[in-house]
Amino acid sequence: MNGMHDMGGMHGFGPVVREENEPVFHHEWEGRVFAMQRVTPVPIPGGSRNNIEQMDPIAYITSSYYEKWLHSRIKGLIDAGALTAEELEARVAFYRDHPEAPVPRREDPARRQRMQERLRRVVESPRLDLPIQPQFRLGAAVRARNMHPPGHTRLPRYVRGKRGVVARFYGIYAFQDAMPAGTEAPPQPLYAVRFDSRELWGASAEANSVVYIDMWESYLEQA
Amino acid sequence: MSGNHHDSHHPGPESSAALRTKALEALLVEKGLISTDVIDAVVRAYEQDIGPLNGARVVARAWVDAAYKQRLLADGTAAVAELGFGAPQDAEIVVLENTPTVHNVVVCTLCSCYPWAVLGLPPSWYKDYAYRSRVVREPRTVLREFGLEVPEAVEIRVWDSNSDVRYMVLPERPAGTEQMSEAELTALVTRDAMIGVANVQVPVRVGRG
């Protein structure tokens with residue numbers, strides 16, 4: 001969707017603000033949100049990123065990073081039927097009135113053991129071993145399709161309609177864009193495509209700079 | 001920025017996000033969907049174990065071992081796994097080599113994609129709107145704000161991570177480090193250099209030799 005999140009090339013956000021010796025989490029609740037997002041065994045219908053992108057644009061801009069994660073996790077649980085908005089609001093009101101009340105604890109050593117094994121696991125590629133022939137060769141001149149799907153897509157606006165060159169072929173990957181209800185996304189070849197800055201930004205492009213961005217095959221057409 | 005700044009030095013009413021998080025955790029525990037010890041373990045792992053030291057070890061190994069560097073550039077995921085690093089995140093890790101003629105820098109304009117297995121969770125500025133919106137359009141200006149002046153003869157490659165591929169920069173090994181051990185080199189490599197917003201610097205020696 002053409003949402004607030006798709007901000008490559010926007011003006012107006014000012015300088016990049018850095019923080020010395022930044023902690024991983026700035027508040028305890030951020031770490032809890034992060035971990036709950038990772039381990040709660042209830043998949044988010046439509047995906048977590050989609051929930052964040054569908055936020056009201058003003059809420060998107062004014063919410064902090066982990067506030068967006070929290071919103072997405074809660075909406076996902078409600079959409080999946082694992083939680084109701086009423087029970088959540090009732091519990092929020094309870095903790096507002098009883099700030100000293102503890103969060104109930106539950107220990108599950110078997111589950112913790114499995115999680116600690118997962119945390120120690122080495123990184124694995126999500127590349128799929130499927131006999132799909134890529135349509136574009138390295139060096140091929142391509143154009144990113146000028147499309148504006150209302151659902152989740154990983155094709156940012158700033159490259160749509162722009163010409164580039166296929167720079168790398170990564171193999172076959174699951175496609176992440178939203179599909180019509182009831183259809184599954186077939187996996188696709190994935191490439192890195194190189195775009196000259198002048199193609200993207202015209203006369204205002206900075207000297208001797210390029211952007212590489214990953215492209216599933218259906219994002220591309222021959223240029 | 002927001003005028004709604006909370007002063008963390010004074011205990012006050014909990015923020016709305018903190019309250020909602022507490023309520024959510026309580027309900028998920030009661031429903032048996034999560035357990036407290038698992039949540040604690042995940043928070044601790046990302047606070048203490050899964051961080052940029054992993055990436056620094058990868059970089060230092062590549063600097064001292066040419067065969068490893070070759071494997072790293074050919075198949076980053078396998079070469080990182082070789083050193084035992086991971087994270088419960090499936091990702092294709094692709095390592096981009098800086099050279100005297102090419103400088104690489106990584107961003108995710110759509111969200112916050114980042115190579116957790118080697119760098120841990122991203123710093124706030126990486127997730128903020130200014131970096132995400134600007135570095136694809138004016139990388140030289142942004143890098144200059146980070147204190148990095150890239151000569152015009154050097155091509156800047158901005159990598160916008162939008163798929164399951166996670167990019168890490170292999171910075172140039174600085175001159176004057178020829179005698180250093182792998183452990184000493186590891187200590188030089190910063191998170192920012194592996195994102196591509198800094199080069200690796202050799203600290204000026206003081207009071208020795």
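What follows draws every value from the coordinates through simple rules; no lab data is involved. If you're wondering where the values come from, they're calculated on a predicted model, not measured in any experiment. Backbone-built Cβ (ideal geometry, glycine too); neighbour counts: all protein chains shown.
General remarks:
- Hz values of 3J(HN,Hα) by residue in the range B:115-124 - Karplus curve (6.51, -1.76, 1.60), Gly and Pro given as x: x, 3, 4, 10, 10, x, 7, x, x, 4
- Overall form of chain A per C-alpha gyration tensor (a/c, 1.5; a/b vs b/c): prolate
- Sorted ascending by nearby beta carbons within 10 Å, beginning with the fewest, A:His11, B:His103, A:His26 become A:His11, A:His26, B:His103.
- Unit charges on C-beta of K, R, D, E only; dipole of the range B:77-179, Debye: 340 debye
- Averaged over peptide B:46-58, the number of partner chain Cβ atoms lying within 10 Å of each residue's Cβ comes to 1.
- Listed residues B:Thr101, B:Thr177, B:Ala74: farthest to the positive end of the dipole of the range B:66-204 (Cβ charges): B:Thr101
- Most positive-pole-ward Cα, A:Ala90, A:Met55, A:Pro45, against dipole of chain A from beta carbon charges: A:Pro45
- Net charge in the neighbourhood of A:Asn2 (other residues with Cβ under 11 Å of its Cβ; Lys, Arg +1, Asp, Glu -1) is 0.
- At an R0 of 22 angstrom, the distance between the Cβ atoms of B:Thr177 and B:Thr99 translates into a FRET efficiency of 0.85.
- Surrounding net charge for B:Leu53, when Lys and Arg each add one and Asp and Glu each subtract one, Cβ distance under 15 Å: -2
- Average other protein chain Cβ within 10 Å of Cβ, residues B:101-113: 4
- Modelled FRET efficiency - R0 41 Å, A:Ala185 with A:Glu89, Cβ distances, 0.05 increments: 0.70
- Ranked list, fewest to most other Cβ atoms within 10 Å of each Cβ, for B:Trp159, B:Trp125: B:Trp125, B:Trp159
- Peptide A:22-34 - average C-beta neighbours from other chains (10 Å radius): 6
- As a rough footprinting exposure proxy, the listed residues B:Thr101, A:Thr153 were ranked by other beta carbons within 10 Å of their own, and the order from fewest upward is B:Thr101, A:Thr153.
- Per-residue Karplus couplings for the range A:98-105, computed as 6.51 cos²θ - 1.76 cosθ + 1.60 with θ equal to phi - 60°, are listed in order as 10, x, 8, 5, x, 7, x, 10 Hz, Gly and Pro entered as x.
- Basic side chains Lys and Arg get +1 at the Cβ, acidic Asp and Glu get -1 at the Cβ, and with that the dipole of the range A:141-222 about its Cα centre reaches some 220 debye.
- Inter-centroid distance (Cα atoms) of the range B:144-160 relative to the range A:25-65, Å: 32 Å
- Count Lys and Arg as plus one, Asp and Glu as minus one, and take only other residues whose Cβ is under 12 Å from that of A:Gly139; the net charge is then +3.
- Overall form of the range B:1-157 per C-alpha gyration tensor (a/c, 1.5; a/b vs b/c): oblate
- Applied to the range B:55-68, the Karplus parametrisation 6.51 cos²θ - 1.76 cosθ + 1.60 on θ = phi - 60° returns per-residue 3J(HN,Hα) values of x, 4, 5, 4, 5, 4, 4, 5, 5, 9, 10, 4, 5, 5 Hz, with x for Gly and Pro.
- Summarising the amide proton neighbourhood of B:Ile93: residues at separation of 5 or more, or on other chains, whose placed amide H is nearer than 5 Å comprise B:Thr77, B:Arg166.
- Prolate/oblate/rounded label for the range A:28-120 (Cα gyration tensor, a/c 1.5): oblate
- Taking chain B, the Cys residues with no second Cys beta-carbon under 4.7 angstrom are B:Cys111.
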